[in-house]
Structure formats: C-alpha cells, structure tokens
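A.B. asks: Dropping a structure here in structure tokens format, bear with me for questions.
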Amino acid sequence: MTTTVLVAGATGDLGGRIVRELLQHDTRVRVLTRPSSTGAQRQFADDDRIDVAIADYTDAPALVTALAGVDVVVSTVSGTRAVIVDAQRALLEAAVQAGVPRFIPSDYAADYRSITPGSNRNFELRREFAAALDAAPIRATSVLNGAFTDMLTGQAPLILFDRQRVLYWSSADQVLDFTTKDDVARVTALVALDVDAPRVVEVAGDRVTARSIADTMSRLTGTPFRLQWAGTTGTLSAMARIGRRLSKDDAEPFPAWQGMQYFVSMFSGEAELHHVDDDRFGPHGWTSVRDVLAAHLGV
C-alpha cells in the first residue's frame with residue numbers, strides 16, 4: 001500500500017532532498033507550509049504526487065486536519081527553541097490527535113543524548129524535545145548521522161585550505177562522524193518507510209580523524225597539510241560560553257559560539273556515534289570525506 005508521508009520543512013535544504021528521495025518509492029508526500037508562505041506551492045505545484053497542506057503551528061485544529069490520514073511525519077524544521085521545541089511539540093500533539101502512527105523528529109545530528117549540560121545549546125533543545133516525544137503515545141525514530149560532510153568545505157572552519165592546516169582540539173585522533181546531506185536524506189526516506197525502525201538509527205557516511213583529514217588533503221593537493229592544535233575542548237567550551245553571554249541574539253540558529261559548541265561535542269567524544277548501522281537498508285556506496293573534498297578541489 002502507498003505510504004503517506006507528511007514532511008515539515010520541505011522547502012529547506014535537507015527537507016527538499018528528503019522529499020526527492022521519498023518520491024523514489026511508493027509514497028504520497030504531503031508538505032506542510034504556513035499560510036504566509038508561498039514557497040511550497042511554487043516548488044511542488046507541478047508534481048501530482050505531492051500535496052500541499054496549509055496550517056500554522058499555533059493553529060491546532062488546522063494541524064490536525066493537515067495530518068489526517070498520514071502514516072508518518074518527517075520533521076526537517078530548523079531553528080532554536082521556538083522551532084525545535086515549541087513548533088515540533090505542536091506538530092507532535094496534532095499527530096497524536098490525528099492518529100498518526102509514527103514521527104521522525106528533526107535531529108539529523110551527532111549523538112546529543114550524553115553531552116554535558118550547558119555544552120551545546122542546539123543539542124540540548126533536541127534532547128528536550130526527545131523527552132516529550134518519548135512520553136507521547138506514538139512510535140518515534142531519530143536519525144543520527146554525525147555532522148554533515150558538506151560543512152567541511154564551507155560552514156565548519158576545520159580545514160584551513162589557504163594555510164594548508166587542519167585544526168583540532170585536544171586530540172588529533174578523536175573519531176569524527178560525517179554524512180552528506182544526500183545520504184542522510186536517503187536514509188531518512190527509508191526510515192520513514194520502515195515500520196519496524198527502532199527508536200534511533202545511527203549512520204555515518206565516513207568516520208575520520210583530524211589526522212586522517214590532513215593526510216587526505218595532502219594526497220589530494222600534493223601539498224603537505226599539517227595539523228594545528230587549537231587548544232583543548234575545555235578551553236573552547238569556555239570561549240563559547242563567553243561568546244554566548246556577549247551575543248545579542250540567542251535566537252540565531254548558528255552563531256559563531258554555537259559552532260564552537262559543535263566542535264566541543266565532536267572533539268570531546270561526547271557526541272560520537274557508538275551504534276552505527278550503515279547496512280540496515282542494505283549495501284550502499286556512501287559518499288566519503290575524501291569524495292567531498294576531491295569534488296570541492298576539482299581533482
């Protein structure tokens with residue numbers, strides 16, 4: 001039977017990729033959009049397998065109506081407390097009222113479950129919502145994938161391309177989990193169709209260290225990339241706390257201090273994945289860190 005999947009945040013980068021992957025299977029996709037937004041209608045109007053449901057997260061009856069007949073909710077919303085906790089709680093409550101059997105929250109991250117309190121705001125928001133999700137009468141599956149590999153060539157200043165350096169904190173041999181957005185989208189679509197999916201599915205397209213990244217960059221460019229110690233994770237965490245106190249807007253999803261907190265979580269080992277199951281849905285050619293870096297360098 002055709003599975004009806006509602007995707008919240010479908011017009012976003014990851015959400016759009018998940019919709020594309022869902023359409024590779026026997027699915028009916030319903031995208032949720034706010035009344036004030038026209039992006040979903042423009043983006044999906046030409047596909048007869050996609051329905052656009054309009055509802056504000058503050059309008060509970062409209063949300064319940066939008067969720068009627070849905071088999072699984074896939075949330076890909078992005079933001080801070082107003083989105084990750086408040087909007088997702090409204091979506092969760094509506095899903096329960098509408099009798100939706102399953103819910104996939106907007107996690108798509110490293111393992112936030114054991115991080116030190118106060119060390120990573122965005123992870124703690126996910127942990128807070130996870131508690132509400134676990135208490136609800138609905139089956140849930142979180143997709144944990146480490147960091148997005150795509151960030152290595154942009155948002156995450158781990159590789160200093162112009163200076164031939166790779167930064168690290170505390171240990172250059174700490175395992176770092178990376179998965180591309182396309183691979184995360186593929187897994188999420190398969191999880192949405194897997195009625196037996198467990199509470200957490202962990203995948204990692206690649207598992208590397210700062211040392212192995214430096215070696216990869218050296219081989220790709222023919223120029224030695226050296227490791228550069230940037231301090232301890234304790235020092236970086238203290239810097240992040242200071243940056244947060246000085247920040248004028250705590251509602252920004254990815255300020256500089258939040259980026260510091262991500263590196264603390266990764267290089268401390270607290271957010272490392274420990275139950276990776278890349279073969280859950282069968283063999284797959286995962287995109288590696290080397291693949292992403294080679295494409296970025298054009299080699």
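A.B. asks: How many Å² of accessible area per residue for the range 24-76, probe 1.4 Å?
C.D. replies: Here the residues of the range 24-76 average 52 Å² of exposed surface.
A.B. asks: Still on this model: Please check the chain for the longest run free of trypsin sites (Lys or Arg not before Pro) that are loop-located per DSSP (anything but H, G, I, E, B) and have at most 14 other Cβ atoms within 10 Å.
C.D. replies: Counting only loop sites that pass the neighbour cut-off, the longest clear stretch is 50-198.
A.B. asks: Can you tell me the accessible area per residue over the range 152-214, all protein chains present, probe 1.4 angstrom, in square angstrom?
C.D. replies: I get 36 Å² per residue for the range 152-214.
A.B. asks: Can you tell me how the range 59-120 classifies by the Cα gyration tensor, rounded, prolate or oblate, using a/c under 1.5 as the rounded cut?
C.D. replies: prolate
A.B. asks: Something else: Which of Ala210, Ala185, Ala131 ends up with the largest GNM mean-square fluctuation for the chain, with Cα atoms connected below 10 Å?
C.D. replies: Ala131
A.B. asks: Top to bottom by accessible area (1.4 Å), largest first, where do Glu252, Glu272, Glu128, Glu93 land?
C.D. replies: Sorted by accessible area, descending: Glu93, Glu252, Glu128, Glu272.
A.B. asks: Between Leu220 and Asp250, what is the label-point separation in nm under the 7 Å Cα-to-beta-carbon projection?
C.D. replies: 3.8
A.B. asks: Still on this model: So what is the relative contact order for the range 202-299, in percent, with contacts set as C-alpha pairs under 8 Å and at least six apart?
C.D. replies: 41
A.B. asks: At 1.4 Å probe size, with the rest of the protein present, what percent of the exposed accessible area of the chain is carbon and sulfur atoms?
C.D. replies: 51
A.B. asks: Still on this model: Show Val184, Val200 ordered by accessible area, largest first, where the area counts protein heavy atoms only and the probe is 1.4 Å.
C.D. replies: Val200, Val184
A.B. asks: To the nearest 10 square angstrom, how much accessible area does Leu246 have with a 1.4 angstrom probe?
C.D. replies: Its heavy atoms expose roughly 130 Å² to the probe.
A.B. asks: Mind putting a number on the dipole of the range 118-174 about its Cα centre? Charges go on the C-beta only, +1 for Lys and Arg and -1 for Asp and Glu, and I need it in Debye to the nearest 20.
C.D. replies: The dipole of the range 118-174 has a size of about 40 debye.
The values are calculated or read from the model by the stated rules, or taken from the named source; none is laboratory data. These numbers were taken from a predicted model, which means no experiment stands behind them. Cβ coordinates were reconstructed from backbone atoms using ideal geometry, including for glycine residues, and neighbour counts include every protein chain displayed. Accessible surface is based on the protein model in full, side chains and every heavy atom, while ligands, DNA and RNA are left aside. Shrake-Rupley method; radii C 1.70, N 1.55, O 1.52, S 1.80 Å.
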